[in-house]
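Engineer: Sharing a structure here in structure tokens format.
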Amino acid sequence: MSYYKFRPDDLFVNTLEAYPDVKFYIHSGSIYINDQAYISGTYSDNITGVPRNYTSVYEYNINRETDQSIYPFIIKDGSRTTFKNVSITDWSTQYNYDGERITSSYNASASIRRYYVTSSNVTTTPLATSTVRQSAFYVRALKNTINHYRFLSPYFNYDEYYSGETNLISIPSIFYGSSIKKGSVSLKYYISGSLAAQAADTRFNGELVQVSGSTTGSVIGTILYDQGILLLTSSAQISNETLEYETVTSSSWCRFGLGANDGTYPRNGMSAKANTQLTASYAIEFQGTTQTQTMTMLTKAPIAELNHSNNPTYLKNTTKSIQVSTVDPKQFLEGKRYIKNVVSASYVDQEPPFQKETYISKIALYDDSKNLIGFAKLATPVRKTEDREFVFKLKLDL
């Protein structure tokens, strides 16, 4: 076996930036992620083991029984290390110091969520319920972030646009990567299956401009690209008909995304239909931004090298080629071995001039201690002669 060491010019590290398409469709409290239908599992309602409307973060334990699931664990010891969901009281009282195992779950999930507030000024006006107060706190927590982007647009002004009625939709980073691509966001508002209004960030500055509907050209909200947050503030009427949202009222962008894990479904048997029996559904489309570090490795097969093999098929299948060594008191004779001539010939009864040939089918990668850490397999073996040299380009995602 021949070993070759990578030189500095043989290794390149690049960053590949991709823009994956993402789509959420919300209807009657159900969220369809990238138009994927629900698949019922044998051991759970959803085959991925996470609730409906959610995506599996790790995609572990697909359709597995509970007692056969893989899970993370920590051994309790003096380092006091534990999982985030284990309280200090439980850690102290429920687990012993004799190496007891503290377990958690890999069935983590993520999905979009909507927060609707009528006013985020909770310091002067106590709000009705804890859920509403919590939603208001989410909006208030973004005050500095919103004002930070004021250099992009005057609509990034918290006191002027977001201290009143605000519709916040949060998108976890697992869906978009490092940030949402500017100019790729599109919001579609459907009423009874017909497109009633559409908004997009056509100006590439975070403003969501309505591009179709009754108030075309107006700014209905903003988007925080790096945080994955939609802030919709327009209460302008989209349709004359009234629908059942938090209350029975006309459609507006402040009602966009109803049912996106906001606690509105099920609502005391109500099906979010108004007297007209109309229904609303919503679509959120955008492109994420992901960076993948990729290492390119150039492996070389030089001239006049790598032309010998220890594979038994490299030798002639004759008695002489497998003759064992002989030893007597005066000498040691090693049996001769004859290499098989695989050079193609024009005639069957004539043997062509001998030339050493091998076929490269696999390239192995080793660390400094010559431990195998990976290998690349060629789809078709490459014929290597003494007067040929090759350069194989391998890529590895870091």
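Engineer: Do the conditions hold for Gly263, that is, is it at pLDDT 85 or above and within 20 Å of Tyr116 (Cβ to Cβ)? Before you say what the answer is, go through the steps one by one.
Structural biologist: On the way: at pLDDT 85 or above: no; within 20 Å of Tyr116 (Cβ to Cβ): yes.
Criteria not met by Gly263.
Engineer: Scan the strands (runs of 3 or more DSSP E) fully inside the range 320-398 and keep the ones with 2 or more residues being free of Cβ contacts under 8 Å to residues at least 12 places away in the same chain and surrounded by 11 or more Cβ atoms within 10 Å (Cβ to Cβ). Break it down into steps so the answer makes sense when it comes.
Structural biologist: Details: elements: 357-366, 372-385, 390-397.
Result: empty, no element qualifies.
Engineer: If you take the residues in the range 120-135 that are surrounded by 14 or more Cβ atoms within 10 Å (Cβ to Cβ) and either outside any helix (DSSP H, G or I) or within 30 Å of the chain's Cα centre (by Cα) (or both), which one is modelled with the highest pLDDT?
Structural biologist: Only one residue tops the list, namely Ser135.
Engineer: Within the set of pairs 6+ apart or on separate chains, which have a first residue in the range 60-78 that is of a type in the set (Phe, Trp, Tyr), a second that is loosely packed, with under 13 Cβ neighbours inside 10 Å, and C-beta atoms under 8 Å apart?
Structural biologist: That search, which allows pairs on different chains as well, returns Tyr60/Ile70; Tyr71/Thr103; Phe73/Arg101; Phe73/Thr103.
Engineer: Considering only residues of the range 17-40 that are assigned to a loop (DSSP other than H, G, I, E, B) and surrounded by 15 or more Cβ atoms within 10 Å (Cβ to Cβ), which is modelled with the highest pLDDT? Even if it seems obvious, please write down each step before you answer.
Structural biologist: Step one: of the range 17-40, the residues assigned to a loop (DSSP other than H, G, I, E, B) are 19-20, 28-29, 34-40.
From what's left, surrounded by 15 or more Cβ atoms within 10 Å (Cβ to Cβ): 19, 29.
On the way: Tyr19: 96, Gly29: 88.
My answer is Tyr19.
Engineer: Can you tell me which residue is surrounded by the most Cβ atoms within 10 Å (Cβ to Cβ) among those in the range 211-245 that are acidic (Asp, Glu) and part of a loop (DSSP other than H, G, I, E, B)? Steps first, answer last, please.
Structural biologist: The initial filter retains those residues of the range 211-245 that are acidic (Asp, Glu), namely 226, 241, 244.
Checking which are part of a loop (DSSP other than H, G, I, E, B) leaves us with 226, 241.
Working: Asp226: 13, Glu241: 17.
Per the criteria, the residue is Glu241.
Engineer: Same structure again: Going by the structure shown, is Ser192 touching a helix residue (DSSP H, G or I) at 6+ places or on another chain (Cβ under 8 Å) and either closer than 27 Å to Thr279 by Cα or modelled with pLDDT under 90 (or both)? Please lay out each step first, then the result.
Structural biologist: Numbers: touching a helix residue (DSSP H, G or I) at 6+ places or on another chain (Cβ under 8 Å): no; either closer than 27 Å to Thr279 by Cα or modelled with pLDDT under 90 (or both): yes.
So Ser192 does not fit the description; no.
Engineer: Name the residue that is surrounded by the fewest Cβ atoms within 10 Å (Cβ to Cβ), counting only residues in the range 157-210 that are among the hydrophobic types (A, V, I, L, M, F, W, C) and part of a loop (DSSP other than H, G, I, E, B). Before the answer, list the steps.
Structural biologist: Applying the first criterion (among the hydrophobic types (A, V, I, L, M, F, W, C)) to the range 157-210 yields 168-169, 171, 174-175, 180, 185, 187, 191, 195-197, 199-200, 204, 208-209.
With part of a loop (DSSP other than H, G, I, E, B) added as a condition, the list becomes 171, 174-175, 185, 204.
Numbers: Ile171: 23, Ile174: 15, Phe175: 21, Val185: 20, Phe204: 12.
Only one residue fits best here, namely Phe204.
Engineer: While we're looking at this one, here's another question. Quick check on the range 102-119. Is at least one of its residues exposed (fewer than 10 other Cβ atoms within 10 Å of the Cβ), hydroxyl-bearing (Ser, Thr, Tyr), in a loop (DSSP other than H, G, I, E, B) and out of contact with any Ser or Thr (no Cβ under 8 Å at 6 or more places or on another chain)? So that I can check it myself, show each step before the final result.
Structural biologist: Residues of the range 102-119 that are exposed (fewer than 10 other Cβ atoms within 10 Å of the Cβ), as a first pass: none.
No, every residue in the range 102-119 fails to be exposed (fewer than 10 other Cβ atoms within 10 Å of the Cβ), hydroxyl-bearing (Ser, Thr, Tyr), in a loop (DSSP other than H, G, I, E, B) and out of contact with any Ser or Thr (no Cβ under 8 Å at 6 or more places or on another chain).
Engineer: Another question, then. What pairs can you find where one residue is in the range 176-187 and under 19 Å from Ser153 (Cα atoms), the other is charged (D, E, K, R), and their Cβ atoms are less than 6 Å apart, with a gap of 6+ or different chains?
Structural biologist: Here the result reads Ser179/Asp226; Gly183/Asp201; Val185/Asp201; Ser186/Glu285, each pair linking the range 176-187 to a residue that is charged (D, E, K, R).
Engineer: Return the only residue of Leu333, Leu298, Leu258, Leu306 being modelled with pLDDT under 90 and touching a strand residue (DSSP E or B) at 6+ places or on another chain (Cβ under 8 Å). Can you show your working first?
Structural biologist: Working: Leu298 fails: modelled with pLDDT under 90; Leu258 fails: modelled with pLDDT under 90; Leu306 fails: modelled with pLDDT under 90.
Criteria check complete, one pass: Leu333.
Engineer: Out of Ser79, Ser92, report the one residue that is loosely packed, with under 12 Cβ neighbours inside 10 Å, part of a helix (DSSP H, G or I) and outside the structural domain of Ile171 (by TED's automatic domain parsing).
Structural biologist: Numbers: Ser79 fails: part of a helix (DSSP H, G or I).
Only one candidate qualifies: Ser92.
The values are calculated or read from the model by the stated rules, or taken from the named source; none is laboratory data. This structure is a prediction, so every number in the text was calculated from the model and none was measured. As a convention, Cβ positions derive from the backbone with ideal geometry for all residues, glycine included, and neighbour counts pool all protein chains shown.
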